Amino acid sequence: MTTFVDRVELHVAAGNGGHGCASVHREKFKPLGGPDGGNGGHGGDVILVVDQSVTTLLDYHHSPHRKATNGKPGEGGNRSGKDGQDLVLPVPDGTVVLDRQGNVLADLVGQGTTYVAAEGGRGGLGNAALASARRKAPGFALLGEPGTAGEVVLELKTVADVALVGYPSAGKSSLISVLSAAKPKIADYPFTTLVPNLGVVTAGSTVYTIADVPGLIPGASQGRGLGLEFLRHVERCSVLVHVLDTATLESDRDPVTDLDVIEEELTQYGGLGGRPRVVVLNKVDIPDGRDLAEMIRPELEQRGYRVFEVSAVAHSGLRELSFALAEIVARARAEKPKEEATRIVIRPKAVDDAGFTVTLEDDGIYRVRGEKPERWVRQTDFNNDEAVGYLADRLNRLGVEDALMKAGARAGDGVAIGAEDDAVVFDWEPTMMAGAEMLGRRGEDHRLEAPRPAAQRRRDRDAERDEAQREYDAFHPF
């Protein structure tokens, strides 16, 4: 059974915003007390947050589909809907968030670091919020926006100071077990280590982490063996330690050749050329291993490597190795630029920036793209003529109609608002009249079907007065 996963494709969906409510206040002797529809609640976000108690992406491997809750719709009596609950997903320290094309969206390092993977939709406004001096009793409300959805790729890159690399069964697991308190699986067959192991080493006043990366073989950077799956775990390390087996039983291998092969794979992977290297000649407790170590050590030192002869079994040479690694790690930490607090940069939009574009496409359709018009279209209930008129008013005030005229659009031309796969297409008529403004006298609204005794009495009195005036005019022509 898989117990360690360091790369998953996660399908996330934020919550949808709740719809606004179109309601009119009613009580005894007040048949039309004004609009009182509440706003819809906002949809919940999907948030990734670093939790250092989490060490694997296994949960998301088994359950890759995650969705936040929707916002509740508004209600009458000016009652707003409840916001959807955010979905917080804990991820290991060192998780990189990418899109499906491999572009890095976020690098999550440090306890509590967050990234919003999917943003919840806005709640729609109720008719109480849409009322104005010109529109006293709106008979419509705005729809809630759908939350964003998509796929993100999570890759775990181990946060360690030292990485042990080398052929399978070179003794990396044994070395990390004696340098730290880690207890990895150890056996005498290749590919014993199937997942990276982490250990904490204390050398004097320096404390650093050391990672045992699963064995590499020729062609690992192209996908052979297990190397490609775990080479990403050496990217954050300050120093690479080549663990060479001086007592290998394979006749076609020797430590120097092993070193050259692993270096070639690291070069092919890329991005590791400037990391300090240290060579560890392991298993010198075996007589043949000691002789071979003494034979190849001058050549390695001539290449510029710091070489240490150790035995994980006999615990020899470990103190010198741990303090040498601590020195390199401390120097790398000192040279690392200090992290400054993130500066919040506010870039306000220009006052006259309409925030949309109008383009003529090959099929003769004028396409309108922009955050505001596309959002307004998503919020519109096209089954309500008054809501459609309100949308036309908003687009006109934004300047869409003027932009269409400047682009050469004429009455009857097709206009699309939004992306190709999710656009609203209509035949354009200049200076659209908004049905939202075609209302009656104050306190009256011809759209409401419920009986209104007070309004009916006013109409009856007006009719009687008009009839009396006509009779008077008939008998008094001059």
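The values are calculated or read from the model by the stated rules, or taken from the named source; none is laboratory data. Bear in mind the structure is a predicted one, so any value in this text is a computation, not a measurement. As a convention, Cβ positions derive from the backbone with ideal geometry for all residues, glycine included, and neighbour counts pool all protein chains shown. These area figures cover heavy atoms from the full protein model, side chains too; ligands, DNA and RNA do not enter into them. Shrake-Rupley method; radii C 1.70, N 1.55, O 1.52, S 1.80 Å.
Looking at this structure, is Ala128 touching a residue at least 40 places away in the same chain (Cβ under 8 Å), in contact with a Pro (Cβ under 9 Å, 6 or more places away or on another chain), open to solvent by less than 40 Å² (accessible area, probe 1.4 Å) and in a helix (DSSP H, G or I)?
Details: touching a residue at least 40 places away in the same chain (Cβ under 8 Å): yes; in contact with a Pro (Cβ under 9 Å, 6 or more places away or on another chain): yes; open to solvent by less than 40 Å² (accessible area, probe 1.4 Å): yes; in a helix (DSSP H, G or I): yes.
Here the answer is yes, as Ala128 does meet what is asked.
What's the total number of residues in segment 372-398 that are in contact (Cβ under 8 Å) with a residue 40 or more places away in the chain, among the aromatic types (Phe, Trp, Tyr) and open to solvent by less than 40 Å² (accessible area, probe 1.4 Å)?
Restricting attention to segment 372-398, the residues satisfying the condition of being in contact (Cβ under 8 Å) with a residue 40 or more places away in the chain are 373-375, 377-382, 384-390, 392-393, 398.
Remaining after also requiring among the aromatic types (Phe, Trp, Tyr): 382, 390.
Still in the running and open to solvent by less than 40 Å² (accessible area, probe 1.4 Å): 390.
The qualifying residues number 1.
Out of the residues in segment 179-202 meeting the condition of being surrounded by fewer than 19 Cβ atoms within 10 Å (Cβ to Cβ) and outside any loop (DSSP other than H, G, I, E, B), tell me which one is modelled with the highest pLDDT.
Thr202
If you go through segment 44-86, how many residues are among the charged types (D, E, K, R) and in a helix (DSSP H, G or I)? Explain how you work it out, then say what you get.
Of all residues in segment 44-86, those among the charged types (D, E, K, R) come to 45, 51, 59, 66-67, 72, 75, 79, 82-83, 86.
Filter once more, so that each one left must be in a helix (DSSP H, G or I): 59.
Of the residues in segment 44-86, 1 are among the charged types (D, E, K, R) and in a helix (DSSP H, G or I).
The rows are residues; the columns are (1) over 29 Å from the mean Cα position of the chain (by Cα); (2) modelled with pLDDT under 90; (3) outside any loop (DSSP other than H, G, I, E, B).
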position: Gly274; (1), (2), (3): yes, yes, no
position: Phe323; (1), (2), (3): yes, no, yes
position: Ala334; (1), (2), (3): yes, yes, yes
position: Arg343; (1), (2), (3): no, yes, no
position: Ile346; (1), (2), (3): no, yes, no
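Which one of these does Ser80 not meet: (1) of a type outside the set (A, V, I, L, M, F, W, C); (2) buried (at least 20 other Cβ atoms within 10 Å of the Cβ); (3) at pLDDT 95 or above?
(3)
Taking only segment 45-56 into account, find how many residues are closer than 16 Å to Val153 by Cβ and either crowded, with 21+ Cβ neighbours inside 10 Å or in contact with a His (Cβ under 9 Å, 6 or more places away or on another chain) (or both).
Total meeting the criteria: 2.
Mind counting the residues in segment 29-44 that are of a type in the set (D, E, K, R) and either over 18 Å from Gly123 (Cα atoms) or open to solvent by 40 Å² or more (accessible area, probe 1.4 Å) (or both)?
So the count comes out to 1.
Looking only at segment 399-426, filter to residues that are in a helix (DSSP H, G or I) and farther than 20 Å from Val388 by Cα; which one of those is least open to solvent (accessible area, probe 1.4 Å)?
Met405
Taking Ala128 as the residue in question, decide whether it is modelled with pLDDT of 90 or more, touching an Asp or Glu at 6+ places or on another chain (Cβ under 7 Å) and farther than 30 Å from Arg66 by Cβ.
Working: modelled with pLDDT of 90 or more: yes; touching an Asp or Glu at 6+ places or on another chain (Cβ under 7 Å): yes; farther than 30 Å from Arg66 by Cβ: yes.
Yes; evaluated as a whole, the condition is true for this residue.
Looking only at segment 292-319, count every residue that is open to solvent by 90 Å² or more (accessible area, probe 1.4 Å) and assigned to a helix (DSSP H, G or I) and tell me the total.
4
Here is a list: Thr357, Thr380. Which entry is at pLDDT 90 or above and among the polar types (S, T, N, Q)?
Values: Thr357 fails: at pLDDT 90 or above.
Only one candidate passes the filter, namely Thr380.
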